[in-house]
1. Determine the gain in length on full extension of the stretch Val151-Val19; use 0.36 nm per residue of separation and subtract their C-alpha separation, reporting nm with one decimal.
2. Over 15 Å apart: what share of the alpha carbon pairs of region 117-165 falls there, rounded to a whole percent?
3. Largest first, please: the extent of the C-alpha atoms of region 176-220 along each principal axis, to the nearest Å.
4. Out of every Cα pair in region 105-220, what percent are spaced more than 19 Å from each other?
5. Roughly how many nanometres apart are two label points built 7 Å out from the Cα toward the Cβ at Ile27 and Ser130?
Amino acid sequence: MENLTDTITEWLTLYGWKVVGAIATLIIGRIVIGILTGIVKRLMQKSKADETLVKFLVSLTKTALLAVLFIAVLEQLGVETTSFVAIIGAAGLAIGFALQGSLANFAAGIMLIIFRPFKAGDYVEAGGTSGVVESISIFNTILKTPDNKKVYVPNGSIMGGNITNYSAEDTRRVDLVFGIGYDDDIKKAKQILERLVQADSRVLKDPAPTVAVSELADSS
């Protein structure tokens, strides 16, 4: 019995304060993490950042701080963390190489959310696809095509090419091409088209519409 008591006393002497310190570190660390993530969230919301980006960065900040807290608790318990950190770093490097494409889409998604070349509801041409933007996520953007198809376009493809936003401006010019024969009267054709344009209430007066000959092709 005395040996057991001595063993418990020795264990408490060696590890008791370490356990108490680790628990205190864990509790205080969780409180500090909550405060810091709250500050990050408020600052980003005050800067009117996209809600998707706010949630992502808050989650990323919390995860990183929890990892640091976990290592601090292990050190408080007397666990050697140098090799542990090295293993995490090596694993992160291996995962990074394995997910190069996904990480590229991830980085492009953040850039899309920050710079906002388009928003949900815009009609765009990007990544080789044209359609109405339904949603923008971290890895891909969903476009709804005119023939009612839903296309998931990788964000890396969008940021790696040209982006045409047809909804960026309130007005947009529409080019209509009409063919006539060489025996037809060009002047009369222009007058007819001008009358039709002027009679259409949907056509803006400013800028004024233009009717002109674009080319003299081999046939009408």
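1. 42.2 nm
2. Numbers: 350 of 1176 pairs.
Every Cα pair in region 117-165 considered, those over 15 Å come to 30 percent.
3. Sorted largest first, the three principal extents are 33, 16, 13 Å.
4. That fraction is 59 percent.
5. Roughly 6.4 nm, to one decimal.
Throughout, read-outs are computed from the coordinates displayed, never taken from laboratory work. Small disclaimer: the values here were computed from a predicted structure and weren't measured. Cβ sites come from the backbone with ideal geometry, for glycine too, and all protein chains shown count toward neighbours.
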